[in-house]
Amino acid sequence: MSKDELFLLDFGLSPFCIRVRIALAEKGLQYKGQEEDLFGGKSELLQKSNPIYEKVPVLLHNGKPILESTNIVYYIDETFASPPLLPACSYGRSRARFWADFIDKKVFDGGAAIWRSKGDELELAKNEFIDILKKLEGALGDKDYLGGEKFGFLDIVLIGSSSWFPTYERIGGFKIEDECPKIGAWIKRCKGRESVAKTLPEPHKVCELVGMLRKMHGIE
Amino acid sequence: MAEELKLFRTWSSRYSLRVVNALKIKGLEYETILEDLQNKSASLLEYNPTHKKVPVLVHNGKPICESLLILEYIDETWKQHPLLPQDPYLKAMARFWAKFGDDKVLPSIWSVFISQGQEQEEAIALAAGNLKFLEELLKGKKFFGGETIGYLDLAFGWMANLISILEEIVDLKLVDRKIFPLLSEWMNSFSDDPVIKECWPPRNKMVEKFKAMREPYLKELHETEVMQFSLSS
């Protein structure tokens, strides 16, 4: 086995997998991967590597599985030093971890609440989602990136979800660039970055997936 | 500049206790601000406007929130008695298991506590399944951290105190020594550690608090039973 064999158990449209792929790209790391069929049947490797949750992403480094996307990004940053993704000072790191934890707890589920509902529930879900983004807008402030002057860990953690935003906007009937203009500008800025541009899926693919999920859940 | 440390916590919060333990292990002096969660202080709301929760550690005026993240901050800032492993893979596993404890173990044990009858039996099976993973993790080790108490021991620490309290209230053995010998031993070793022992909240107060928390669920069950009885009469 070569010195650093990286293998990613992946799902192209998952915002959690997207973060890992961007982190790997930022570090200039070569890796192999396999796309998991989350609806048809999970691979034996996934079941063996992540027996508790059977979820992607899983990064196998020389055969050892690292689980949970934020964990994986920390691991990548701690194992492959250059360029650093997290801030150097411990307080800056604690702020980055705090907002990553907030993003993990709120953004994906907040968006899911939008596509899973209709009528009054949808209106509520939309407002709650906008509130979540407004809090992140507060964290961004007047900086170019959530990481500060440079694109970094926290930007990587959030940008993957942005491929799902157009779907939320369409279903919820709102525009992020109107409700949270700084976040809108931040998304455009991040998309100018090669690692992000090459990794983000096309929004219409997410739309198709969500359409399928809504049918499965009997919403449309 | 002299280090100024303040910890906003409640008397019983298991999350706050992680931070209390970590500060003690590191030998750090700090000021405690006890919060009443029904009447949160302006300072707490200012330091944690996003979640408005305890614990919050304030270091030289800068707030750090979320107990597991506070542990990481303490460990990175004060290098004595390291809590997290140095190796990135072992660190990643510790973080994973800590989250498993919060996301799966604690809710499953809580379900046992608030349910009865068939529902409780199912909850016990689920909780036991989760605890088996922890039993496996302890193989060949005294603590989750190895020879000494570490991050994962502090993350799971609530079990060493709360489980016996919940067991007493529901009159049920969740962590049976015959089924979970390593976990039982860990609970004793962790509880009796001189650093940890001093920090436990008063047991009688905890029993009183959790009995009160269980009441609404018992009342709900009783009302359901009464309704079912009157429907079938």
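The values are calculated or read from the model by the stated rules, or taken from the named source; none is laboratory data. It should be emphasised that the depicted structure is a prediction, and the values quoted were computed from it without experimental measurement. Positions of Cβ are generated from backbone atoms using ideal geometry, with glycine treated the same way; all protein chains shown enter the neighbour counts. Remember, those area values only see protein heavy atoms, side chains included, never the ligands or the DNA or RNA. Shrake-Rupley method; radii C 1.70, N 1.55, O 1.52, S 1.80 Å.
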Among the Cα-Cα pairs of chain B, the proportion with separation greater than 28 Å, in percent, is 37 percent
For B:H222 and A:A81, extending 7 Å from Cα along the Cα-Cβ vector and measuring point to point gives, in nm, a value of 6.5 nm
Heavy-atom accessible area per residue - segment B:52-186, 1.4 Å, Å²
42 Å²
Along principal axes, largest first, the alpha-carbon spread of the protein assembly as shown in whole Å comes out as 70, 59, 53
Excluding A:D144 itself, what net charge comes from residues whose Cβ is under 14 Å from its Cβ, given Lys and Arg +1 and Asp and Glu -1?
+3
Across segment B:180-194, in residue order, what do the Karplus-derived ³J(HN,Hα) couplings come to in whole Hz, using 6.51 cos²θ - 1.76 cosθ + 1.60 with θ = phi - 60° and x for Gly and Pro?
10, x, 6, 5, 4, 5, 4, 4, 5, 4, 5, 4, 8, 4, x
GNM result for chain A, Cα springs below 10 Å: residue of A:D109, A:D120, A:D155 fluctuating most strongly
A:D120
Students often forget the sequence filter, so: which aspartates and glutamates lie under 17 Å Cα-Cα from A:K150 once same-chain residues fewer than 8 apart are removed?
A:E26, A:D77, A:E137, A:D142, A:E194
For a quick check, take a GNM of chain B with Cα springs below 10 Å and name the residue from B:Q120, B:Q86, B:Q38 with the largest mean-square fluctuation.
B:Q38
Could you report the buried accessible area between A and B, both sides summed, computed with a 1.4 Å probe and given in Å² to the nearest 100?
2400 Å²
How much length would be gained if the chain were fully extended between B:E147 and B:K79, taking 0.36 nm per residue of separation minus their Cα-Cα distance, in nm to one decimal?
22.7 nm
Hits among lysines - C-alpha to C-alpha of A:K3 under 27 Å, sequence gap 8 or more where chains match
A:K27, A:K32, A:K48, A:K55, A:K64, A:K198, B:K91
Rounded to the nearest Å, the spacing of the alpha-carbon centers of segment B:13-50 and segment A:175-220 is 38 Å
Let me cross-check A:L9: its accessible surface, 1.4 Å probe, with only protein heavy atoms counted, in Å² to the nearest 10?
0 Å²
Which lysines does B:K178 reach when only Cα atoms under 21 Å apart count, and residues fewer than 8 places away in its own chain are ignored?
B:K132, B:K139, B:K141, B:K142
Taking a threshold of 29 Å on the Cα-Cα distance, which of the pairs B:K104/B:K205; B:K53/B:K99; A:K205/B:K52; A:K182/A:K215 fall above it?
A:K205/B:K52; A:K182/A:K215
Per residue accessible area of chain A, 1.4 Å probe, in Å²
46 Å²
Provide the solvent-accessible area of B:F8, counting protein heavy atoms only and rolling a 1.4 Å probe, rounded to the nearest 10 Å².
10 Å²
Rounded to a whole number, what is D in µm²/s for segment A:58-161 from Stokes-Einstein with the Kirkwood radius over alpha-carbon pairs (4 °C, 1.567 mPa s)?
86 µm²/s
For the protein assembly as shown, the accessible surface attributable to carbon and sulfur atoms (probe 1.4 angstrom, ligands and nucleic acids excluded) amounts in percent to 52 percent
With springs only between Cα atoms under 10 Å apart, run a GNM on chain B and tell me which of B:G157, B:G146, B:G61 wobbles the most.
B:G61
Would you kindly state how much longer the chain becomes between A:K42 and A:N62 on full extension, computed as 0.36 nm times their sequence separation minus their alpha carbon distance, in nm to one decimal?
5.1 nm
Only helices counted: for chain A, with every DSSP H run of 4 or more residues adding -39500 (n - 2.57) and the sum spread over all residues, [θ] at 222 nm is -17500 deg cm²/dmol
Accessible surface of A:Y74 in the full protein assembly, 1.4 angstrom probe, to the nearest 10 Å²?
20 Å²
At R0 = 30 Å, FRET efficiency that the Cβ-Cβ distance of A:E194 and A:C89 yields, to 0.05:
0.65
